[in-house]
1. Of the listed pairs 8/56; 56/197; 197/237, which have alpha-carbon separations greater than 21 Å here?
2. Kindly sort 101, 48 by accessible area of their heavy atoms, largest first, with the probe set to 1.4 Å.
3. Residue 232 to residue 24: FRET efficiency via 1/(1 + (r/R0)^6), r the Cβ-Cβ distance, R0 41 Å, to the nearest 0.05?
4. Which order do the peptides 209-218, 77-86 come out in when sorted by mean C-beta neighbours inside 10 angstrom, highest first?
5. Starting from the residue with the highest accessible area, list 250, 194, 240, 120 in decreasing order, probe 1.4 Å.
Amino acid sequence: LLDMTLTKCFDRIPQDRREGLLFDLLHVLPTALRSSNTPDATAGVLAEAILSALTKLREDKLIQSLIQPGYSSESGALPAERLFALLRSLLECVVDSNRNELVRGNLYASLVNYVHLITDITPGEASVLPVSLSRSHAGWIGPDEMSSSASQHSDAWRRPEAVSSLVVNSLSILKPAMENLVSLVSRDTIDGTDVWKTVAFMLLDSLARLSQFERQPAVITAMSRSGFTRGFVYGIKETDVQLQAVLKPDPGT
């Protein structure tokens, strides 16, 4: 029923009720997933439902920003406290549970969508993060300390005000759990099946780009301290021949 509602009938829900409905779902679904009474089969369905609801929330915000003239940051503002509660719930579901790969993979994808949701500042540039923070946030990188890669972005993305408090506060929520989160996700990039390896790497990429605003990015520190960064580099080197083989006219599997 939920899948049908989100995929086929979402336009039948009044516009002013959609966001509240999705946040209500995202409030109760993680709680059900964390329950010790929830069997793995049901947990898989719940994790997929979380991903569906969060993806639809992100899509709806982007669509409204495109089709509504004068859709301002104020009128389209996301409810910060509900977002932060959602992030905490997702982290608890990932770090505190011993669920199977299917559940973890869908939760990783949900976190990726969360990162995009809080950084989708400009329609059409959802995958781009702003590149500076105000110096008023102690310990954060300022405009004149940006890396040379920042010059590739437009001036609009360099403005300190482009970085929302959603990014700053989300990072503060992520930081205490970063060590455990990175360890778990990195193991799945090594031992998981191919599709979930990809999703796990996508999450690490999202966390790394989000953490670019920290003076000492917690995700980079966690990956380096545990030896995962070294392992990733060696992994690329070891698969170089296989990667080159893909370029042949008739590549293997």
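1. Details: 8/56 12 Å; 56/197 24 Å; 197/237 17 Å.
Distance filter (> 21 Å) returns 56/197.
2. Values: 101 50, 48 80 Å².
Order by accessible area, largest first: 48, 101.
3. On the way: r = 39 Å, r/R0 = 0.95.
Step by step, r from the Cβ atoms, then E = 0.60.
4. Values: 209-218: 17.5, 77-86: 15.1.
With the highest mean Cβ count within 10 Å placed first, the list reads 209-218, 77-86.
5. If we order 250, 194, 240, 120 from most to least accessible, we get 250, 194, 240, 120.
The values are calculated or read from the model by the stated rules, or taken from the named source; none is laboratory data. Since the structure is predicted, the reported quantities are computational estimates derived from the model, not experimental observations. No Cβ is skipped: glycine too gets one built from the backbone with ideal geometry, and neighbour counts run over all protein chains shown. Please note that ligands, DNA and RNA were not included when accessible areas were found on the heavy atoms of the full protein model with its side chains. Shrake-Rupley method; radii C 1.70, N 1.55, O 1.52, S 1.80 Å.
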